[in-house]
Amino acid sequence: MTAAYPHTRLRRTRASAWSRTMHRETVLAPANLIWPLFVTEGAGVEEPVGSLPGVSRWSVDLIVKRAKEAVSLGIPCLALFPNTPRDLRSDNGLEAMNPDNLMCRATRAIKDACGEDIGVLTDVALDPYTSHGQDGLIDGGGYVLNDDTVEVLIGQSLNQANAGADVIAPSDMMDGRIGLIRQALEAEGHHNVQIMSYAAKYASAFYGPFRDAVGSRGLLKGDKKTYQMDPANTEEALREVAMDLSEGADSVMVKPGLPYLDIVRRVKERFEVPVFAYQVSGEYAMIEAAAAAGAGDRDALVLETLLAFRRAGCSGVLTYHAAHAARLLNG
């Protein structure tokens, strides 16, 4: 105890639960969660994803049940990802343009069942539709072609918006696609369809289980380092965000999550816009493995990591723990 401040005790406000609640700087609520869901063919189908304990692919009818569950839990938005059948994947990913593809059918079914009670965020990228597993069209050497890919992404975005998507979320990392997608949405009358740009998406080692879930891991030829960001870079992320905002993005995303909280903080402080993070499949799997090994309490690990995103500046978090976390938060 210093002589100058003999009565200062920072522990005083921590001494009781009511006081800790009153002085809490950061709040985590179900409204801050987005629930990623994987869609598969069939009816009444639930396919557990082996590398993602507790996560399944769901047929469209069961996705609707998950949507109703999300509404009841206070989760405001779902993010959809399709497990496109192998025979519908091609070098040019044209299944992405099919108005009756898995993504569009699931979107329509959710909006028909739940209306404006929940938002639907749809992924824009070609990796769930290509036979080579890349996010875009490739040349003879396997290099992903930027401008050719963007033309397909525009059509994919309009296809999803026509199906009822509330938020278009380009995850492909092609240059210039946000502005061109925004222009196309405006031209087609989709003035209120939001764009959440995967602005700072890193070429990460944490994506493996996701690729299992959408069926692209065994198909992927090469890597994605020519278009996803180098994990060593920070300033580049700020340039990516600035470019996407200037082109009309309504919000931006940092992906992965916990290993990139420094990026979240810098983006939030620099731009003062809604920033989201994706707690990706590898992060989820590590928490589940730690809990299964007795290395930590699952509930506490889930809530503490999600709170970290909010503390860093996230408006919301895409997390496979969304429903579980919402139940914990709802008491």
Here's a check for you: in segment 36-47, which residue that is in a strand (DSSP E or B) and more than 20 Å from residue 330 (Cα to Cα) is nearest to the chain's Cα centre (by Cα)? 37
Could you check, for segment 238-247, whether at least one of its residues is over 16 Å from residue 309 (Cβ atoms), of a type in the set (Gly, Ala, Ser) and not in a loop (DSSP other than H, G, I, E, B)? yes
On the basis of being surrounded by 23 or more Cβ atoms within 10 Å (Cβ to Cβ), at pLDDT 95 or above and out of contact with any Lys or Arg (no Cβ under 6 Å at 6 or more places or on another chain), does residue 126 make the cut? yes
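Residue-wise test of (1) touching a residue at least 60 places away in the same chain (Cβ under 8 Å); (2) farther than 25 Å from residue 192 by Cα.
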| site | (1), (2) |
| --- | --- |
| 229 | no, yes |
| 232 | no, yes |
| 242 | no, no |
| 247 | yes, no |
| 259 | no, yes |
| 268 | no, no |
| 271 | no, no |
Considering only segment 12-35, I want to know if a residue exists there that is among the hydroxyl-bearing types (Ser, Thr, Tyr), within 19 Å of residue 304 (Cβ to Cβ) and either modelled with pLDDT of 95 or more or part of a strand (DSSP E or B) (or both). yes
Would you pick out the residues in segment 257-272 that are surrounded by 15 or more Cβ atoms within 10 Å (Cβ to Cβ) and in a helix (DSSP H, G or I)? 258, 259, 260, 261, 263, 264, 265, 266, 267, 268, 271
Given (1) surrounded by fewer than 19 Cβ atoms within 10 Å (Cβ to Cβ); (2) not in a helix (DSSP H, G or I), identify the lone condition not met by residue 151. (2)
Hits in segment 210-224 - residues which are assigned to a helix (DSSP H, G or I) and crowded, with 23+ Cβ neighbours inside 10 Å: 210, 213
What do you reckon, is residue 312 at pLDDT 95 or above and surrounded by 17 or more Cβ atoms within 10 Å (Cβ to Cβ)? yes
Filtered residue count, segment 48-87, keeping only those that are part of a loop (DSSP other than H, G, I, E, B) and under 23 Å from residue 329 (Cβ atoms): 7
Do you know which residues across segment 216-228 are touching a Lys or Arg at 6+ places or on another chain (Cβ under 7 Å) and at pLDDT below 85? 217
How many residues of segment 178-202 are under 22 Å from the mean Cα position of the chain (by Cα) and in a helix (DSSP H, G or I)? The answer is 6
Going by what's in this entry, would residue 289 be described as within 30 Å of residue 192 (Cβ to Cβ) and part of a helix (DSSP H, G or I)? no
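Out of segment 162-177, which residues are within 17 Å of residue 81 (Cβ to Cβ) and not in a strand (DSSP E or B)?
Within segment 162-177, 163, 164, 165, 166, 171, 172, 173 meet the criteria.
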The lone exception for residue 84 - which of (1) more than 30 Å from residue 145 (Cα to Cα); (2) touching a residue at least 24 places away in the same chain (Cβ under 8 Å) it fails: (1)
Sole exception among (1) more than 30 Å from residue 54 (Cα to Cα); (2) in contact with a helix residue (DSSP H, G or I) (Cβ under 7 Å, 6 or more places away or on another chain) for residue 39, by number: (1)
Taking segment 23-40 and keeping residues surrounded by fewer than 22 Cβ atoms within 10 Å (Cβ to Cβ) and among the hydrophobic types (A, V, I, L, M, F, W, C) leaves 27, 28, 29, 31
By residue number, the members of segment 273-286 that are more than 14 Å from residue 53 (Cβ to Cβ) and either of a type outside the set (Gly, Ala, Ser) or in a helix (DSSP H, G or I) (or both) are 273, 274, 275, 276, 278, 279, 280
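The values are calculated or read from the model by the stated rules, or taken from the named source; none is laboratory data. Remember, it's a predicted structure, so these values are computed and weren't measured experimentally. Cβ atoms come from the backbone with ideal geometry, glycine included; neighbour counts cover every protein chain shown.
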